[in-house]
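Heads up, the thing below is written out as structure tokens.
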Amino acid sequence: NPQDAWKQMAGVAAAELIKDGMVVGLGTGSTASFFVQALGLRIQQGLQIVGAVSSSQVTQTLAASLGIPLTDLDTHPELDMYVDGADEIDPKLCLIKGAGGALLREKIVASAAKRFVVVADPTKRVEQLGHHYPLPVEVVPLAITPVSRKIAQLGARVKLRQTGATPFITDNHNFILDCTFPQGISNPAELDAQLHRIVGLVETGLFINMASQAILGGPDGVQVFQP
Ligand code: DER
């Protein structure tokens, strides 16, 4: 479908940014997978890089099956570039991420990178965060009920993410709450600060001032945005 074609255009364009010798963070999700596949192709053509994965999901298996040499943050605590998708991208490149449940490791790897490039299709661009996707937050299971109540007091509808009848468990053995703010998120930085004051909440899917550039595939080809 056209959205996949647009995601692939973005992924391929981001792979063109990678140079020999780089240490590259590999994002999670379908758009990031197109990037990883394009990167694998360039490695087969001789590109010399190492990759740091952001989840045990498709990234790790995909990267390994494509012959991408993998490293970790102990060996490489600072990465040259992180490439990942997003659920929503606002005009300042603040993001909502986490639909894939990997937000904590994604944010850890993104924060280790000198440069974070978002790859997406145009449907991810929004004027204001929070109208199309809920905001995922990662929560220690012990604290799930008090944390849920406190987020609800901030005006959100809070839903425990489940796989069938059981709670979704992240790579870090935590739960995910999907938080819907009916009026959207007018001040992402303020909300992020409020959420981080809630004990037992580990991380949010708000990526603020982290991405430096967005590459969007679309009907008019590839477009690059920076705030
Ligand atoms: O879960 C995530 O953070 C993913 O990166 C998500 O935000 C984008 O996934 P997609 O590229 O499959 O739409």
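The values are calculated or read from the model by the stated rules, or taken from the named source; none is laboratory data. A quick note: this is a predicted structure, and the numbers were derived from the prediction, not measured. For neighbour counting, all protein chains shown are included, and Cβ atoms are generated from backbone atoms with ideal geometry for every residue, glycine included. Side chains included, ligands, DNA and RNA excluded: accessible areas come from the protein's heavy atoms. Shrake-Rupley method; radii C 1.70, N 1.55, O 1.52, S 1.80 Å.
Numbers for the structure displayed
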{"quantity": "Computed over region 158-219: relative contact order in percent, which uses C-alpha pairs under 8 Å that are six or more apart", "calculated": "21 percent"}
{"quantity": "Most fluctuating residue given options V119, V158, V24, as computed from a GNM of the chain linking Cα atoms under 10 Å", "calculated": "V158"}
{"quantity": "Cα centre as origin, Lys/Arg/Asp/Glu Cβ charges: the chain dipole, Debye", "calculated": "420 debye"}
{"quantity": "Listed pairs K114/K150; K7/K97; K7/K114 exceeding 26 Å between Cα atoms", "calculated": "K114/K150"}
{"quantity": "Relative counts (whole %) of C-alpha pair distances in region 187-227, using bins that are 10 Å wide", "calculated": "23, 35, 25, 15, 2"}
{"quantity": "1.4 Å probe accessible area per residue over region 79-135, in Å²", "calculated": "33 Å²"}
{"quantity": "The chain - percent relative contact order, Cα under 8 Å, separation 6 or more", "calculated": "24 percent"}
{"quantity": "Gyration tensor over alpha-carbon atoms, the chain, equivalent ellipsoid semi-axes in Å", "calculated": "29, 20, 15"}
{"quantity": "For peptides 124-131, 138-145, sequence by mean Cβ density within 10 Å, most packed first", "calculated": "124-131, 138-145"}
{"quantity": "Highest average packing first - 170-179, 87-96, Cβ atoms within 10 Å", "calculated": "87-96, 170-179"}
{"quantity": "Over region 1-127, volume per residue of the alpha carbon convex hull, in Å³", "calculated": "97 Å³"}
{"quantity": "Charge sum, other residues only, whose C-beta stays under 9 Å from K124's C-beta, Lys/Arg counted +1 and Asp/Glu -1", "calculated": "-2"}
{"quantity": "Cα-only radius of gyration and Dmax that characterise region 94-218, units Å", "calculated": "14.2, 43"}
{"quantity": "Kirkwood Rh, Cα atoms: Rg over Rh of region 32-83", "calculated": "0.93"}
